[in-house]
1. Could you list, ordered by first residue, the pairs with Cβ atoms under 7 Å in which the first is in the range A:266-295 and closer than 23 Å to residue A:310 by Cβ and the second is modelled with pLDDT of 90 or more and surrounded by fewer than 18 Cβ atoms within 10 Å (Cβ to Cβ), at least 6 apart or interchain?
2. In this structure, is residue A:261 more than 10 Å from chain B (Cβ to nearest Cβ), in contact (Cβ under 8 Å) with a residue 40 or more places away in the chain and β-branched (Val, Ile, Thr)?
3. Could you list, in sequence order, all residues of the range A:195-216 that are within 29 Å of residue A:54 (Cβ to Cβ) and either assigned to a strand (DSSP E or B) or more than 9 Å from chain B (Cβ to nearest Cβ) (or both)?
4. Report yes if some residue within the range A:160-183 is under 27 Å from residue A:312 (Cβ atoms), in contact with a Ser or Thr (Cβ under 7 Å, 6 or more places away or on another chain) and touching a residue at least 60 places away in the same chain (Cβ under 8 Å); otherwise report no.
5. Output the number of the condition that residue A:303 fails; it satisfies all remaining conditions of (1) in a strand (DSSP E or B); (2) more than 26 Å from residue A:59 (Cα to Cα); (3) in contact (Cβ under 8 Å) with a residue 40 or more places away in the chain.
Amino acid sequence: MTMKEISFEINNDLLKQLIQKKKDLNLKNEDWDTFFTLLLGIPSKPKSSKEIIENTLQKKTFNQYYDSWIQNFTQNLKYFSNGKSVQELSPKINPELNKSSSIVIGRGPSLKKHAHLEELAKSNFQGNILCTDGILKNALEAGVTPDRFPNFYVVTIDTNEEIKKFYEHKTIKKYGKKIKCLLSTTIPHSTYNAIKKSGLEIFWLHTLFDYNKGKSSFNYISGQMTKTKNHPNGFPAIQTGGNVGTSCWIIAWSILKSNYIGLIGIDHGYSVDTPWEIISKYHPLSENVDKNSIVFKKAYPKIYNPDYNSYSIQDPVFQYYSQALKEFIPKAPKWTKTINATEGGTIFGKKIECTTLNNFLKKYNFYTNS
Amino acid sequence: MIKGNFNVKKIEDESISEDEELEELVAKVGVGSHMIFRTDKKDDELFIEEL
């Protein structure tokens, strides 16, 4: 960054007022750039690649889904008005005086690499199972079923119409009635129909995205619309962290009050040997991009996980997800602990314990109260 | 009248184009499943709320 020095004439009184204003804004020791940026309400430019990635994806995701969220909410309204709230799943306990566990299952590459579903299926884990929707079929087929683990949950927050396919398989129908399905009020009605048809027990929640805009926000308006005779307090609204895996983590402690949350298949990254053509299938990658450029390496970094001595490749979407989750984990209540049991991936750092699934099952196998 | 001497920072063209290039690359990967919720106060992140 370069500095260009310019001089101009200014009235003495005006200068005094500017200096006083700078003091009033607690910017006495800041430079004039900062002062004028704040004074004129100029949006500050993104300063880091993290901010650029988050700002860009927030804007794109909002533009792509906002209309669908409103339409889906409207179509689902009469069904969730007579439905159940996720609040019914929340145990009436003081989590500070308790010990309970959950395992969140994502569909990252570590799940297959370490045969974690098979290992979990053979275990005597007594806590909650929270399955992301995309891995539900595989989990059931591997033996991670509500027959083995009665406190079995699946979560869907996604607006993508494709999600309904996750619920249409005959394996889902086989176990449907024993699975508790937590749904955002903004999911497509076709997804709701597929879930209903497979017999899952549905519990509703809201997903937060614009509540910071106050009473004009869709979150606020939809919250008020949900307060009915059946649900005088409406439904709880959760932070999603942008994806269903992080949503499961939030639900595990905020709704189910779990003290120990193990993550498997939550890699938020690809194995380093994954071909670019495969990565591109998940989140499209431009064909002509220079993969040796500095910008590309910022968008697709190779991440070293010191706890597992392993490497992963991230794309911008996984950076967006993992940066948020790693930021949220230390901000969760002190009575809950997060354990990355993926044996790799990109979730490590402050207040995150990394250990094997085997160790998690030995150390944190606590009965659930729900 | 006095002379005020304000230091005006000028961002190098190269730096701007790098940020824009990254933004362009990110914009092509599609979208997330949902949005991350951000409050105005960073340290007061909302996880769960009664609307």
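1. From the range A:266-295, the pairs are A:272/A:302; A:272/A:311; A:285/A:276.
2. Against the criterion (more than 10 Å from chain B (Cβ to nearest Cβ), in contact (Cβ under 8 Å) with a residue 40 or more places away in the chain and β-branched (Val, Ile, Thr)), residue A:261 qualifies.
3. A:204, A:205, A:206, A:207, A:213, A:214, A:215, A:216
4. Taking every residue of the range A:160-183 in turn, none turns out to be under 27 Å from residue A:312 (Cβ atoms), in contact with a Ser or Thr (Cβ under 7 Å, 6 or more places away or on another chain) and touching a residue at least 60 places away in the same chain (Cβ under 8 Å).
5. Of everything listed in (1) in a strand (DSSP E or B); (2) more than 26 Å from residue A:59 (Cα to Cα); (3) in contact (Cβ under 8 Å) with a residue 40 or more places away in the chain, residue A:303 misses just condition (2).
This table checks each residue for (1) modelled with pLDDT of 80 or more; (2) crowded, with 17+ Cβ neighbours inside 10 Å; (3) at the interface with another protein chain (Cβ under 7 Å from one of its Cβ atoms); (4) part of a loop (DSSP other than H, G, I, E, B).
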residue: B:3; (1), (2), (3), (4): no, no, yes, no
residue: B:7; (1), (2), (3), (4): no, no, yes, no
residue: B:18; (1), (2), (3), (4): yes, yes, yes, no
residue: B:22; (1), (2), (3), (4): yes, yes, yes, no
residue: B:34; (1), (2), (3), (4): yes, yes, yes, yes
residue: B:38; (1), (2), (3), (4): yes, yes, yes, yes
residue: B:43; (1), (2), (3), (4): no, no, no, no
residue: B:46; (1), (2), (3), (4): no, no, yes, yes
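Here's the yes/no breakdown for (1) free of Cβ contacts under 8 Å to residues at least 60 places away in the same chain; (2) surrounded by fewer than 14 Cβ atoms within 10 Å (Cβ to Cβ); (3) within 30 Å of residue A:314 (Cα to Cα); (4) within 13 Å of another protein chain (Cβ to nearest Cβ):
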position: A:26; (1), (2), (3), (4): yes, yes, no, no
position: A:57; (1), (2), (3), (4): no, no, yes, yes
position: A:66; (1), (2), (3), (4): no, no, yes, yes
position: A:84; (1), (2), (3), (4): no, no, no, no
position: A:91; (1), (2), (3), (4): no, no, no, no
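Yes/no per residue for (1) part of a helix (DSSP H, G or I); (2) within 8 Å of chain B (Cβ to nearest Cβ); (3) of a type in the set (D, E, K, R); (4) crowded, with 18+ Cβ neighbours inside 10 Å:
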site: A:233; (1), (2), (3), (4): no, yes, no, no
site: A:267; (1), (2), (3), (4): no, no, yes, yes
site: A:286; (1), (2), (3), (4): no, yes, no, no
site: A:296; (1), (2), (3), (4): yes, yes, no, no
site: A:334; (1), (2), (3), (4): no, no, yes, no
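The values are calculated or read from the model by the stated rules, or taken from the named source; none is laboratory data. From a predicted model like this one, the values you see are computed outputs, not experimental measurements. Reconstructed Cβ throughout: ideal geometry from the backbone, glycine too, with neighbour counts over all protein chains shown.
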